[in-house]
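Beneath this line is the structure, given in structure tokens, with notes to follow.
The values are calculated or read from the model by the stated rules, or taken from the named source; none is laboratory data. What you see is a predicted model; the values in this text were computed from it and never measured. Counting neighbours? That spans all protein chains shown, and the Cβs are built from the backbone with ideal geometry, glycine included. Side chains included, ligands, DNA and RNA excluded: accessible areas come from the protein's heavy atoms. Shrake-Rupley method; radii C 1.70, N 1.55, O 1.52, S 1.80 Å.
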Amino acid sequence: MRTLLPVLCVLAACGTTDDVEEEFFELEDVTQEVSDLDAAARTIGEPQLAGAIRFLAHDLLEGRGVATRGDELARLYIQTEFETYGLEPGGVDGTWEQPVPIIGITSEVTKPFTVRSASGSITFEAPGDYTAEASRPTEVTAWGDAPIVFVGYGIHAPEQDWDDFKDTDLTGKVALVMNNDPDWDPDLFEGNTRLYYGRWSYKFEEAARRGAIGAIVIHTTPSAGYPFQVIQAGHGREQFWLPFDDSTPRLQLRTWCSDEAAKKICALGGKDLDELRASAKRRDFRPVVLGVSGELATANQVRELRSANVAGVLRGSDPALRDEVVVISAHFDHLGIGRPKRGDEIYNGALDNASGSAAMLNIARACAHLPNAPRRTLLFLAVTAEESGLLGSKYYARHPTFPRERIVGNFNIDGINIWGATTDISMIGYGKNSLTALAERVAARHGRELVPNPQVELGLFYRSDHFSFARIGVPAAYFKAGRDFLENVEGKRRVKQSYTAVRYHQPNDQFDDRWDLSGAVADTRLIFECLVEAANADAAPSWTPGDEFEKLR
Ligand SMILES: [Zn+2]
């Protein structure tokens, strides 16, 4: 090919001898680059992915719970890998780590959730009917017969001309709130695409801003995107926070309840939950005082912990661009040891996210394998405590190891394709910034198609570590497995779908030798190429004009 092209060029009489020669060398350059890229991409393979996943998801790492021995072992493994690839330490003081201080709070219900009205009382059971966790680092957190107010979606969005609260003061009260955001009208809250307003974390934050001492999010599987057991799995388990600052308003307790429990709460006040929900679909909705009060108290154990993010750096090769940084992130933590299910108490988190960590490591190795480093600097960031509220990436975003304005892009991996090769690959955050077009080009080179993640209702853009980068204005994108399988499409889709119902955040999210990693290899190579392309492009990534994060850049 290298000798043929200039000949063709001469035949086409495309210029002088000098031009031809110049073109020849340019072509050779390009060919060289492509084959270097291919050679590096080929270091990513099924055994390389499987080995890293098997190690990180092994029972010996005990589910990589925050600040446990498994957490330390995972970090040691990742930095050892980085070191063997020849990366530079990207942590603080010349180390591989950025320590992350974390507050752990374990809440035990001391007064079970009881609602009372003039017509009687109901005492609910945890975690069958509800879950409860302290929202502040004090020994006791409580609601003492606090009035419960139904606040609909609990959203205040001036740009949507939507305010569920009107002028209602929630001081000293408990908000009963629906999950999700309005999803029936494409012109309202982007239709069935879930915005941050639809996330439970927003509900708690907004209720606290309004003076509430508590909030109860009503669980339904469609509005949460996962079954109640996912929430129940967290009940009584230690919850983790970044150190508290006094300026942020805080609830006493945040809770979820089942749909049936919510119906009973409303009925005790003589109200019908379905009617209330219907009324909440209107702009003129006003909060409804249910005429019931709620009592609940927990005793809390508070401790200070330390985990760390692990960072490896590949210095950029272009003197003009090497001060800019493209980040690829994957969380290495999972839920640790928890409530046993079928005799198993280790939440291995093989897919979530030993698999994404393995992909990130493979990409780091491939990048280090390139004879010439990409023009911009690459930061490989294994973040901690994602499962505890994106704490590791949130901490990194607050204390970046490079100047914030020099961090120009972020790719995130949280779960890879373990079901087999697909023609498509999906992107969460599709269209939000220029990384979409970039990934589309790379996918097209491989005869593949980049598609928006079809589960727009899940609000996945706000649920993994790239969100922490988006919140400081960094254009970010999050890759997910495709669904157009090359073979046995329906069967594979069924198995893929069943993961959320059966294994997600359960002890049986375990590595299995039967996993088909052929699709993961193709996807990981593709993400590797996207990263290299973003690092080599003349222009840094940018937000799509009008995007919700554009103003933060
Ligand atoms: Zn995850």
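Output the residue which, of all residues in segment 199-209 that are among the charged types (D, E, K, R) and open to solvent by 20 Å² or more (accessible area, probe 1.4 Å), is modelled with the lowest pLDDT. So that I can check it myself, show each step before the final result.
Residues of segment 199-209 among the charged types (D, E, K, R): 199, 203, 205-206, 209.
Checking which are open to solvent by 20 Å² or more (accessible area, probe 1.4 Å) leaves us with 199, 205, 209.
Numbers: Arg199: 90, Glu205: 94, Arg209: 95.
Once the filter is applied, the top-ranked residue is Arg199.
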Odd one out for Gly491, checked against (1) out of contact with any Asp or Glu (no Cβ under 7 Å at 6 or more places or on another chain); (2) of a type outside the set (S, T, N, Q); (3) under 27 Å from Pro186 (Cα atoms): (3)
Contacts under 8 angstrom Cβ, first residue in segment 110-123 being within 14 Å of Leu290 (Cβ to Cβ), partner basic (Lys, Arg) and surrounded by 12 or more Cβ atoms within 10 Å (Cβ to Cβ), 6 or more apart: Val115/Lys264; Ile122/Lys264
Residue tally, condition open to solvent by 10 Å² or more (accessible area, probe 1.4 Å) and closer than 17 Å to Val532 by Cβ, over segment 394-435: 1
Out of Asp145, Asp169, Asp183, sole residue that is part of a loop (DSSP other than H, G, I, E, B) and over 23 Å from the mean Cα position of the chain (by Cα): Asp169
Residues located in segment 186-198, provided they are part of a loop (DSSP other than H, G, I, E, B), buried (at least 22 other Cβ atoms within 10 Å of the Cβ) and in contact (Cβ under 8 Å) with a residue 40 or more places away in the chain: Arg194
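Each row is one residue, and each column tells you yes or no for (1) open to solvent by 50 Å² or more (accessible area, probe 1.4 Å); (2) over 22 Å from the mean Cα position of the chain (by Cα); (3) within 26 Å of Gly519 (Cα to Cα); (4) not assigned by TED's automatic domain parsing to the domain that holds Ile407.
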position	(1), (2), (3), (4)
Ala52	no, no, yes, no
Leu60	yes, yes, no, no
Val66	no, no, no, no
Ile78	no, no, yes, no
Output for segment 107-141, where each listed residue is in a loop (DSSP other than H, G, I, E, B) and either closer than 17 Å to Cys257 by Cβ or in contact with a helix residue (DSSP H, G or I) (Cβ under 7 Å, 6 or more places away or on another chain) (or both): Ser119, Phe124, Glu125, Ala126, Pro127, Gly128, Asp129, Ser135
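For segment 352-376, which positions are open to solvent by 10 Å² or more (accessible area, probe 1.4 Å) and within 13 Å of the ligand (Cβ to nearest atom)? Walk me through it before giving the result.
Applying the first criterion (open to solvent by 10 Å² or more (accessible area, probe 1.4 Å)) to segment 352-376 yields 352, 365, 368-373, 375.
Passing the criteria: only Asp352.
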Members of segment 509-526 that are surrounded by fewer than 19 Cβ atoms within 10 Å (Cβ to Cβ) and small (Gly, Ala, Ser): Ser518
Given (1) under 29 Å from the mean Cα position of the chain (by Cα); (2) in a loop (DSSP other than H, G, I, E, B); (3) crowded, with 20+ Cβ neighbours inside 10 Å, index of the condition Phe285 fails: (1)
Pair list, Cβ < 7 Å and 6+ apart or interchain, from segment 199-220 residues that are closer than 17 Å to Pro147 by Cα to residues that are part of a helix (DSSP H, G or I) and acidic (Asp, Glu): Ile218/Asp259
Exclusive hit being surrounded by fewer than 24 Cβ atoms within 10 Å (Cβ to Cβ) and modelled with pLDDT under 95, set Arg315, Arg306, Arg322, Arg339: Arg339
Qualifying residue in segment 384-392 (condition: touching a helix residue (DSSP H, G or I) at 6+ places or on another chain (Cβ under 9 Å) and either more than 16 Å from the ligand (Cβ to nearest atom) or outside the structural domain of Ile53 (by TED's automatic domain parsing) (or both)): no
Single residue of segment 110-145 satisfying the filter (surrounded by fewer than 22 Cβ atoms within 10 Å (Cβ to Cβ) and among the aliphatic types (A, V, I, L, M)) that is farthest from Phe240 (Cα to Cα): Ala118
Verdict on Leu87 being within 25 Å of Ala57 (Cα to Cα) and either of a type in the set (Val, Ile, Thr) or in contact (Cβ under 8 Å) with a residue 60 or more places away in the chain (or both): yes
Considering residues of segment 436-481 that are closer than 21 Å to Trp200 by Cα and in contact with an Asp or Glu (Cβ under 6 Å, 6 or more places away or on another chain) only, the residue surrounded by the most Cβ atoms within 10 Å (Cβ to Cβ): Asp465
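Go through segment 324-350 and give me each residue that's touching a Phe, Trp or Tyr at 6+ places or on another chain (Cβ under 8 Å) and more than 16 Å from the ligand (Cβ to nearest atom).
Step one: of segment 324-350, the residues touching a Phe, Trp or Tyr at 6+ places or on another chain (Cβ under 8 Å) are 325-329, 334-338, 348, 350.
Scanning segment 324-350 gives Val325, Val326, Val327, Ile337.
Counting only residues that are open to solvent by less than 30 Å² (accessible area, probe 1.4 Å) and modelled with pLDDT of 95 or more, give me the helices (runs of 4 or more DSSP H) lying completely in segment 210-272 with at least 2 of them. Give the derivation first.
Working: elements: 221-224, 228-232, 259-268.
Hits in segment 210-272: 259-268.
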